[in-house]
1. Among (1) 32, 26, 17; (2) 34, 21, 16; (3) 39, 24, 15, only one was calculated for this model; which label is it, if the read-out is semi-axes √(5λ) of the Cα gyration tensor in Å?
2. So, R0 is 51 Å and r is the distance between the beta-carbons of Ala298 and Glu220; what FRET efficiency does that work out to, to 0.05?
3. By counting other Cβ atoms within 10 Å of each Cβ, how are Lys100, Lys143 ranked from fewest to most?
4. Relative to the longest principal axis of the chain, what angle (0 to 90°, nearest 10) does the C-alpha long axis of helix 244-254 take?
5. Once the dipole of region 200-279 is set up with Lys and Arg at +1 and Asp and Glu at -1 on Cβ about the Cα centre, which of Leu208, Ala257, Gly276 lies farthest towards its positive end?
6. For a Förster distance of 22 Å, can you work out the FRET efficiency between the beta-carbons of Lys93 and Lys143, rounded to the nearest 0.05?
7. If you place +1 on the Cβ of every Lys and Arg and -1 on the Cβ of every Asp and Glu, how big does the dipole about the Cα centre of the chain come out, in debye to the nearest 20?
8. Measure nothing but the geometry: give the 0 to 90° angle between the long axis through the Cα atoms of 118-129 and the longest principal axis through the Cα atoms of the chain, rounded to 10°.
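Read-outs throughout are calculated quantities, based only on the coordinates presented, and are distinct from any laboratory measurement. Predicted, not measured: the structure shown is a model, and the values here were computed from it. Cβ: placed from backbone, ideal geometry, glycine included. Neighbour counts: every protein chain shown.
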Amino acid sequence: MSLPAPATSLYLVDASLYVFRAWHSMPADGFRDAEGWPTNAVHGFARFLLDLLERERPRHIAVAFDEALDSCFRNALYPAYKANRDPAPPELKRQFAYCKALCAALGLPVLAHPEYEADDLIGTALAVVRGDGYRGVIVSADKDLSQLLLAGDEQWDYARDHRWGKDGVKARHGVHAHQLADYLALCGDAVDNIPGVPGVGARTAAVLLSHFGTLDALLERIDEVAFLRLRGAATVAARLREHREQALLYRRLSTIACDAPLRDATPPFARATPEGGTLQAFADAVGFGPMTRRRLDAVCSGPAPTAADPATTSVAG
């Protein structure tokens, strides 16, 4: 009896997280482009990206960027969505454009759309290759993305080098991967300015979903909540009745859309040959130093990614 072929990894990079991290961690004064604009985030993002390419040598990869900072479809549903965040300054917007250009020059498919967030683009890219022998490796620490994990997939917090699979989500958040959007609808998500149901915290939300399984089942059986061994159970039941419609809205906000337009990126997101001349011109424009230039040269002239890509990394439980 022949064994099934090992899954091929599709790396899905949440680029904005690493651009923002570089923007906040690297001083702007020492990194400028030819026109005097800061390029600190570009330098930090390039180091991360080159490290990932050198370490993993992916054959299939897509890098997702957030263009829907205030034009996402979720803002139409709920104007307060992410309204707690300051708009990106012009200096950072310019660097995002540089980072996308770097990915394109490196032969990496870029995902971006003005109405969908990076999470939605990652979810869609993963959805379109499922069933074709691919597993997802989501490079991000964002908890929302854990809802996408199915058997064989993994999420990778690259900065901390922590990896976890579908079965590891409960240990991190108290609920299973498929319950994460329901969980955030109940207890809220301060990062995205989603308030949740008043009086329902993280622990209560986890207890409710452990008992009922889904938000829909919970709302259908609210009368049972008052009889649970739960502190303030009667009050929780009353709040759920009062905020039923809001909870359903919050779940829609928290659920990653897996039907976003992918524009020019074509499944299965094969890595293309880097553009050596474009990379040299790019390095000149943003002021890359000798070490980064050598790494870019190595990426251009080095061996191609491995022909076979079995899932060599064990997925943490």
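1. Checked against the structure: label (3).
2. Numbers: r = 58 Å, r/R0 = 1.14.
The computed FRET efficiency comes out at 0.30.
3. Values: Lys100 19, Lys143 16.
With the sparsest Cβ surroundings first, the list reads Lys143, Lys100.
4. With rounding to tens, the tilt is 20 degrees.
5. My answer, from the dipole projection, is Leu208.
6. Values: r = 26 Å, r/R0 = 1.17.
E between Lys93 and Lys143, to the nearest 0.05, is 0.30.
7. Numbers: 34 positive and 39 negative charges, 140 e Å.
Computed about the Cα centre, the dipole is about 680 debye.
8. Helix 118-129 and the main axis of the chain meet at about 90 degrees.
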